Amino acid sequence: DVAYLRSVLPSTIDDAFFDYLATLDASEVTVTAIPEGSVVFARVPFLQVKGPLLVVQLLETTLLCLINYASLVATNAARFRLLAGPDMKLIEMGLRRAQGPDGALSASKYSYIGGFDCTSNILAGKLYGIPVRGTIAHSFIMSFRCLEEVQPRELPPRAGGDPVDLADLAVSWLQRVCDLLQTPPSKANQGELAAFVSYAVTFPCDFQGLLDTYCVRRSGLPNFCAVALALHQLGYQAIGVRLDSGDLAQQSKEIRRVFQACGAHFQVPWFGTIPIAVSNDISEQSLEQFRREGSEIDMIGIGTNLVTCPLQPSLGCVYKLVEVNGSPCLKLTEDEEKMTIPGMKAIYRLYDAAGHPFMDLMALEEEPSPSAGQELGIRVLGRLEETTKVIPTTVEPLHRTYFRDGQVCEPLPSLPEVRTHAQVSLNLLSPAHRRLHEPQPYPVAVTERLHQLFLELRQGS
């Protein structure tokens, strides 16, 4: 690395500088941070780095690269989870649309932290232990033309016995299903039926159908019901269907009615509850529409609008110098929101009697910690000209030391633990702060001492 820097930096640089670079030691760095998976608000320093100036400057780009996209995707996933509600199953399906393989893996990992249940990215499952789920593909269905192409086609009953020709059994069921639905069997695509049969022979305990390769009502739905009922006759149970086009909410209700009708007519009680999954460029607006119109959707696959974060393509985390050799420093600008808060700080979350956080408080590191039940005089960012009095019921210090003297000094949680912590953190927020449209602003404040330091440095500059 030093040799490469010699080749690209000006030739006038002293050789001693490159000798110095070779002596840099990251073990002199101390890192404190808010735990991964926590809710963090604007202006709150969620990570603080102490160490030799050049070392911590070199860390800036690396840390921001690691944190910005991860936090952005986890936040985007959390928004989808809030809109979908706690019971809806969410699948991350963004591998084909993410920005490169590294971005795809990161998106899978941090979508899971944000609240998604599983991923279609099998490599993410292998590397991170995220549950993997997927469905039958359009290309698989389109690769079949007729039932004669299905090999093998026999399936033994689940309870044992002689194998049965599943294709012939499905054809007989297709006639009965089409009679019930009052649709001609000739309209059901034979290649699609062959694909469903082939899939069912291979995965009799995990059979699922993609219904919209040709026509949901005339082909996909009757073909799926025929194969699912044939499997049922042999003791197996289909696990679901997926829709990938059209009016997903309305189609889900129509499909549910068909499943219920088949279940009642053919006396198969579980048939009416077959899970319905949807995909197709799902966005936050899609979820709001599902909720507004009502649907029978049980599982949602989200890709592009999750991993590319089109509503906010980047997260503006910044890394600023706040103290040098024990002397606080301040970045001044005409844009007040871009002014830094000087000095090494301790961060506290203040809770009300209902157990909801109502304010984050920044204090100088040497200040005594605030206490529960103690009245505090603070200054809220955005209205620093006035003092506000608050009395917290509970006070939580947010920063922990994770790295010191070259060693990780705080046990790092597993991915499922981070995911659980993220959901707990979100659920602690009051509904007024948690709503996605016109939320009540969450206040971030500074102590009087920190405010006074800010004024002194600003005036001195």
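For the pair region 71-123 / region 129-193, the C-alpha centres are spaced 32 Å from each other.
Only one of (1) 29.1, 91; (2) 22.2, 70; (3) 45.5, 177 was calculated from the structure for Rg and Dmax of the Cα atoms in Å, and its label is (1). Could you tell me which of L315, A3, A84 has its Cα farthest along the dipole of the chain towards the positive end, charges placed at Cβ (Lys, Arg +1; Asp, Glu -1), taken about the Cα centre? Positive-end residue among those listed: A84. Using every pair of separate Cα atoms, the Kirkwood estimate puts the hydrodynamic radius of region 283-326 at 14.1 angstrom. Hey, if you drop one equal point scatterer on each alpha-carbon of region 186-315 and run the Debye formula without solvent, what base-10 log of I(q)/I(0) do you get at q = 0.12, 0.17 Å⁻¹? Each listed q maps to, in turn, -0.49, -0.88.
Around T304, with a cut-off of 12 angstrom between Cβ atoms, what is the net charge of the other residues, counting Lys and Arg +1 and Asp and Glu -1?
Spelling it out: positives minus negatives among the neighbours equals 0.
Using only side-chain charges placed at the Cβ, +1 for Lys and Arg and -1 for Asp and Glu, the dipole size of region 1-112 relative to its Cα centre rounds to 840 debye. Counting only Cα atoms, region 76-308 measures 48, 37, 31 Å along its principal axes, largest extent leading.
In terms of its C-alpha gyration tensor, region 303-461 has a rounded overall shape, because the principal axis ratio a/c (a ≥ b ≥ c, square roots of the eigenvalues) stays below 1.5.
Taking 10 °C and 1.306 mPa s as conditions, region 146-185 diffuses translationally at an estimated 139 µm²/s according to Stokes-Einstein applied to its Kirkwood radius (Cα pairs). The base-10 log of I(q)/I(0) for region 197-247, evaluated at q = 0.15, 0.17 Å⁻¹, reads -0.37, -0.47 [Debye formula, identical scatterers on Cα atoms, solvent excluded].
Its Kirkwood hydrodynamic radius, worked out from the mean inverse distance over all distinct Cα pairs, puts region 244-384 at 21.0 Å.
Using the crude model of +1 on Lys and Arg Cβ and -1 on Asp and Glu Cβ, and no other charge, please compute the dipole size for the chain relative to its Cα centre, in debye to 20. Before the final figure, lay out the partial values.
Values: 39 positive and 51 negative charges, 240 e Å.
Dipole magnitude for the chain comes out near 1160 debye.
Taking only the Cα atoms of region 247-306, how large is their convex hull per residue, in Å³?
68 Å³
A simple packing score, the average count of other Cβ atoms within 10 Å per residue, orders the peptides 434-444, 258-268 as 258-268, 434-444, with the highest score first.
When you restrict to C-alpha pairs under 8 Å that are six or more residues apart and normalise by the size of region 150-233, the relative contact order lands at 35 percent. Only helices enter this figure: runs of n ≥ 4 DSSP H residues, each worth -39500 (n - 2.57), summed and divided by the residues of the chain, yield -12000 deg cm²/dmol at 222 nm to the nearest 500. Of the whole protein surface, D19 contributes about 90 Å² of accessible area at a 1.4 Å probe radius. In the neighborhood of V258, defined by Cβ-to-Cβ distances under 11 Å, what is the net charge if each Lys or Arg adds +1 and each Asp or Glu adds -1? Charge balance in the 11 Å sphere: +2.
If the viscosity is 1.306 mPa s and the temperature 10 °C, what Stokes-Einstein diffusion coefficient in µm²/s follows for region 379-421 when Rh is the Kirkwood radius over Cα pairs?
109 µm²/s
For region 76-173, what class follows from the C-alpha gyration tensor (a ≥ b ≥ c being the square roots of its eigenvalues): rounded when a/c is under 1.5, otherwise prolate if a/b is larger than b/c, else oblate? In terms of gyration-tensor shape, prolate. Expressed to the nearest 5 percent, the antiparallel share of DSSP beta bridges inside region 76-308 is 10 percent.
Taking the inverse of the mean 1/r over every pair of distinct Cα atoms in region 367-461 gives a Kirkwood hydrodynamic radius of 16.9 Å.
Look at the alpha carbon pairs under 8 Å that are at least 6 residues apart: their mean separation over the length of region 76-308 gives a relative contact order of 22 percent. In terms of its C-alpha gyration tensor, region 1-48 comes out prolate, because a/c is 1.5 or above and the ratio a/b outweighs b/c. Note: relative contact order over the chain, using C-alpha pairs below 8 Å and six or more positions apart, is 18 percent. Of all DSSP beta bridges confined to the chain, the antiparallel ones make up roughly 60%. Beyond 19 Å in Cα-Cα separation lie the following of the pairs K331/K389; K109/K345; K338/K389; K320/K345; K50/K320: K331/K389; K109/K345; K338/K389. Around E396, with a cut-off of 13 angstrom between Cβ atoms, what is the net charge of the other residues, counting Lys and Arg +1 and Asp and Glu -1? Around E396, the charge tally is 0.
The values are calculated or read from the model by the stated rules, or taken from the named source; none is laboratory data. Computed from a predicted model, the values in this text were never measured in an experiment. Note that each Cβ is placed from the backbone with ideal geometry, even for glycine, and that neighbours are counted across all protein chains shown. Only protein heavy atoms, including side chains, enter the accessible area calculation; ligands, DNA and RNA are left aside. Shrake-Rupley method; radii C 1.70, N 1.55, O 1.52, S 1.80 Å.
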